[in-house]
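**Q** Structure below; questions to follow.
The values are calculated or read from the model by the stated rules, or taken from the named source; none is laboratory data. This is a predicted model, so every value here is computed, not measured. Note that each Cβ is placed from the backbone with ideal geometry, even for glycine, and that neighbours are counted across all protein chains shown. The area values use the complete protein model at the heavy-atom level, side chains included, leaving out ligands, DNA and RNA. Shrake-Rupley method; radii C 1.70, N 1.55, O 1.52, S 1.80 Å.
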Amino acid sequence: MPTHTATAPGAYALEVLEVIAETPDAVSIVFAAPPDAQADFAYKPGQFLTLRVPAGTDTDAVSRCYSLSSAPSIDEHLKVTVKRTAGGRASNWLCDNARAGMVLESLRPAGTFTMRDTTAVPVFVAAGSGITPIMSMIRTVLPESTQDAVLVYANRDRDSVIFDAELAALQSEHGRRLTVLHWIEAESGLPTADGLRALLPADSTATAAYLCGPAAFMDVAAAALCGIGLAREDIHREIFVSLTTDAFAAAPEPAAVPADPDAVSATVEIDGNTHQICWPKSQILLDVLLGLGIDAPYVCREGNCGGCSYTLRAGEVTMQVNDALDDHEISHGVRLACQSLPQSDQLSIAFDR
Ligand SMILES: Cc1cc2nc3c(=O)[nH]c(=O)nc-3n(C[C@H](O)[C@H](O)[C@H](O)COP(=O)(O)OP(=O)(O)OC[C@H]3O[C@@H](n4cnc5c(N)ncnc54)[C@H](O)[C@@H]3O)c2cc1C
Ligand code: FES
C-alpha cells in the first residue's frame, strides 16, 4: 500500500484500487477503505464521499462530493462514479488522472439521501450521473426485500447511459422485479412531466420515490410522480452541486463561547456523550459546538450536503439555508447544524444519523 498520510484533520488517505471507464465521459473509481478505519467507512446506500482534488500549477485544491455507487452489503470496496462536467475542475481532473495505486484524501461517508422505509415500494428516477446513489440503493433493495422496483433513467444519448450493462444484468438476475425505463433525449427531447408520467407504469403501486439529477429534471420528475399519486413528502431528492468551501480546512480552534445573556440552553447527544451547552441566539449551532471542542460532523458548512444533520428532539430552530433536507426529513425533526439558530429557550439535540 502506498504510504500517504492525510493532511487534514478528519481526512483519510484512500488508495485507488481500480479505475473503470463506464462511458466516454464517466469513470468509476474503486477505493480501499483504510485498514485501520474500516468502521469509519461504513455507509448507507445513497451516501457520499467528499474527495480532495489536489492543487494544480495554477489552481487550488478543491473539495467535491461523490455519491457511492457501490452497495455496502454486497461490495467489499468503496466505489464512486464521476461524470465529466464541461469546464469543471474536479470531475475532469478525476476522469483524466485517477489511476490504480494513487492515493486521494477523503472525508468519511455522509449524507441524508438514504432509503427510509424498507417496506415502501420504491420508484427511482435518475438523470446522468444521478444514477450513482440510485444504483447503490437498487442493488441493495433487490436482494434484501421482496418489493419490486422501477427505475426511470434519463440520458442525453445511448452512449451516455452509465451502468447500462449492469442494469441489464440486474434485470436478468431479478426477473420482472426490476423495471428499467430509459428516457433518451436525443430520441425524445428534454424530459417533460407528461412524458415521464406516461412512461411510468399505469398500475404503479409505488409509495416512495428517490430522485437524483439536475434540479429542473427533478422538478418535472416530481410533478410526474405526484401525477401517479405519490405524496410530496414521499418524494426524496439528492441535489448535486459543487462545494464552494474547503471541506478539508481545519476546524476552528475551540474558543470560549462569550457569556451571552440571550443564550439558550441545549442538551446535545453525540458519540455516546451528552453535553449541556449555552447556545447564544446569534450563533450557528455547528460553530458553537466546534468552539466548545465538541467533534460535531460537517462537510460543506453551506447547507448543501446534509453532512451535519441531527435530530431536533425538543425545541425550535430556524435554518438560514437548507438545500439538503426534504419535507419528510424536516417533519421528522432532521435539521442542519451548520445552518441552525435557536428559537426556544430549551432544546434537545441528537447527532444520531
Ligand atoms: C451530495 C453530492 C453527491 C454528488 N455525487 C456525484 C456523483 O456521484 N457523480 C458526479 O459526477 N457528481 C456528483 N456530484 C457533483 C460533484 O460534487 C461536482 O459538483 C461535479 O463533479 C462538478 O464539479 P467540477 O469541479 O468538475 O466542476 P466545477 O469546477 O465546480 O464547475 C461546475 C460548472 O460551473 C462552471 N464554472 C466553474 N467556475 C466558474 C466560474 N468562475 N464562472 C462561471 N462558471 C464556472 C464550470 O464550467 C462547470 O460547468 C455530487 C454532488 C453532491 C453535493
Ligand atoms: S455541513 Fe453540509 S449541510 Fe451542513
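**Q** Take K79 and decide whether it is in a loop (DSSP other than H, G, I, E, B), of a type in the set (K, R) and under 28 Å from S309 (Cα atoms). First the steps, then the outcome.
**A** Values: in a loop (DSSP other than H, G, I, E, B): no; of a type in the set (K, R): yes; under 28 Å from S309 (Cα atoms): yes.
It is false that K79 is in a loop (DSSP other than H, G, I, E, B), of a type in the set (K, R) and under 28 Å from S309 (Cα atoms).
**Q** Among the residues of the stretch 196-215, which ones are more than 26 Å from the chain's Cα centre (by Cα) and within 15 Å of Y153 (Cβ to Cβ)?
**A** Within the stretch 196-215, L199, P201 meet the criteria.
**Q** Further question: Only one of (1) in a strand (DSSP E or B); (2) polar (S, T, N, Q); (3) more than 16 Å from ligand 2 (Cβ to nearest atom) fails for T59. Which number is that?
**A** (1)
**Q** Which pairs do you get when a residue that is free of Cβ contacts under 8 Å to residues at least 60 places away in the same chain, found in the stretch 93-118, comes within reach of a residue that is buried (at least 20 other Cβ atoms within 10 Å of the Cβ) and aliphatic (A, V, I, L, M), reach meaning Cβ atoms under 6 angstrom, with the pair 6+ apart or on two chains?
**A** Here the result reads W93/V53, each pair linking the stretch 93-118 to a residue that is buried (at least 20 other Cβ atoms within 10 Å of the Cβ) and aliphatic (A, V, I, L, M).
**Q** Here's another thing I want to ask about it. For the stretch 82-134, which residues satisfy the criterion of being β-branched (V, I, T) and either assigned to a helix (DSSP H, G or I) or within 16 Å of ligand 2 (Cβ to nearest atom) (or both)? Outline the logic, then answer.
**A** Narrowing the stretch 82-134 to residues β-branched (V, I, T): 82, 85, 103, 112, 114, 118-119, 121, 123, 125, 131-132, 134.
Once the filter is applied, which keeps residues that are β-branched (V, I, T) and either assigned to a helix (DSSP H, G or I) or within 16 Å of ligand 2 (Cβ to nearest atom) (or both), the stretch 82-134 yields T112, T114, I131, T132, I134.
**Q** Can you tell me which of (1) open to solvent by less than 10 Å² (accessible area, probe 1.4 Å); (2) under 25 Å from T114 (Cβ atoms) is the one P280 doesn't meet?
**A** (2)
**Q** Something else about it: Hey, which of the helices (runs of 4 or more DSSP H) in the stretch 148-247, taking only ones fully inside, have at least 2 residues that are closer than 22 Å to V82 by Cβ? Break it down stepwise before answering.
**A** Values: elements: 164-174, 185-188, 193-199, 215-227.
Where helices (runs of 4 or more DSSP H) fall fully within the stretch 148-247 and carry at least 2 residues being closer than 22 Å to V82 by Cβ, they are 164-174, 215-227.
**Q** Moving on. State yes or no: is R177 in contact with an Asp or Glu (Cβ under 6 Å, 6 or more places away or on another chain) and at pLDDT 95 or above?
**A** Numbers: in contact with an Asp or Glu (Cβ under 6 Å, 6 or more places away or on another chain): yes; at pLDDT 95 or above: no.
No: the conditions fail for R177.
**Q** Report yes if some residue within the stretch 68-75 is at pLDDT below 95, in a loop (DSSP other than H, G, I, E, B) and open to solvent by less than 60 Å² (accessible area, probe 1.4 Å); otherwise report no.
**A** no
**Q** For the stretch 284-303, name all the residues that are open to solvent by less than 10 Å² (accessible area, probe 1.4 Å), more than 16 Å from ligand 1 (Cβ to nearest atom) and part of a loop (DSSP other than H, G, I, E, B).
**A** Result: A296, single match.
**Q** Suppose the filter is more than 14 Å from ligand 1 (Cβ to nearest atom), touching a Lys or Arg at 6+ places or on another chain (Cβ under 8 Å), open to solvent by 20 Å² or more (accessible area, probe 1.4 Å) and not assigned by TED's automatic domain parsing to the domain that holds R158; does D40 pass it?
**A** Details: more than 14 Å from ligand 1 (Cβ to nearest atom): yes; touching a Lys or Arg at 6+ places or on another chain (Cβ under 8 Å): yes; open to solvent by 20 Å² or more (accessible area, probe 1.4 Å): yes; not assigned by TED's automatic domain parsing to the domain that holds R158: yes.
Yes; evaluated as a whole, the condition is true for this residue.
**Q** Further question on the same structure: Within the stretch 304-339, count every residue that is in a loop (DSSP other than H, G, I, E, B), within 16 Å of ligand 1 (Cβ to nearest atom) and either open to solvent by less than 50 Å² (accessible area, probe 1.4 Å) or over 21 Å from L107 (Cβ atoms) (or both). Let's see the steps before the verdict.
**A** If we filter the stretch 304-339 for residues that are in a loop (DSSP other than H, G, I, E, B), which is where we start, we get 304-308, 315-316, 320-326, 332-333.
Now drop any that are not within 16 Å of ligand 1 (Cβ to nearest atom), which leaves 304-308, 321-326.
Filter once more, keeping what is either open to solvent by less than 50 Å² (accessible area, probe 1.4 Å) or over 21 Å from L107 (Cβ atoms) (or both): 304-308, 324-326.
So the count comes out to 8.
**Q** With the condition kept exactly as written, say whether any residue in the stretch 255-269 is in a helix (DSSP H, G or I), open to solvent by less than 60 Å² (accessible area, probe 1.4 Å) and of a type outside the set (D, E). I'd like the intermediate steps shown before the answer.
**A** Just the residues of the stretch 255-269 that are in a helix (DSSP H, G or I), to begin with: none.
No.
**Q** Sticking with this one: Within the stretch 113-133, can one find any residue that is within 8 Å of ligand 1 (Cβ to nearest atom), open to solvent by less than 10 Å² (accessible area, probe 1.4 Å), in contact with a Ser or Thr (Cβ under 6 Å, 6 or more places away or on another chain) and closer than 22 Å to F41 by Cα?
**A** So far as the stretch 113-133 goes, yes, one or more of its residues are within 8 Å of ligand 1 (Cβ to nearest atom), open to solvent by less than 10 Å² (accessible area, probe 1.4 Å), in contact with a Ser or Thr (Cβ under 6 Å, 6 or more places away or on another chain) and closer than 22 Å to F41 by Cα.
This table checks each residue for (1) in contact (Cβ under 8 Å) with a residue 24 or more places away in the chain; (2) within 11 Å of ligand 1 (Cβ to nearest atom); (3) under 24 Å from V161 (Cα atoms).
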{"position": "Q47", "(1), (2), (3)": "yes, yes, yes"}
{"position": "V53", "(1), (2), (3)": "yes, yes, no"}
{"position": "D58", "(1), (2), (3)": "no, no, no"}
{"position": "V62", "(1), (2), (3)": "yes, yes, no"}
{"position": "L68", "(1), (2), (3)": "yes, yes, yes"}
{"position": "I74", "(1), (2), (3)": "yes, no, yes"}
{"position": "L78", "(1), (2), (3)": "yes, no, yes"}
{"position": "T81", "(1), (2), (3)": "yes, yes, yes"}
{"position": "R84", "(1), (2), (3)": "yes, yes, yes"}
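**Q** Same structure again: Enumerate the pairs (first residue in the stretch 228-247 and free of Cβ contacts under 8 Å to residues at least 12 places away in the same chain; second residue anywhere and open to solvent by 50 Å² or more (accessible area, probe 1.4 Å) and away from ligand 1 (no atom under 13 Å from the Cβ)) with beta-carbon separation below 9 Å, excluding pairs fewer than 6 apart on the same chain, so at least 6 apart or on different chains.
**A** A231/T207
**Q** With (1) assigned to a loop (DSSP other than H, G, I, E, B); (2) closer than 19 Å to C95 by Cβ; (3) not basic (K, R) as the list, and G10 as the residue in question, which single condition is left unmet?
**A** In the conditions (1) assigned to a loop (DSSP other than H, G, I, E, B); (2) closer than 19 Å to C95 by Cβ; (3) not basic (K, R), G10 misses (2) alone.
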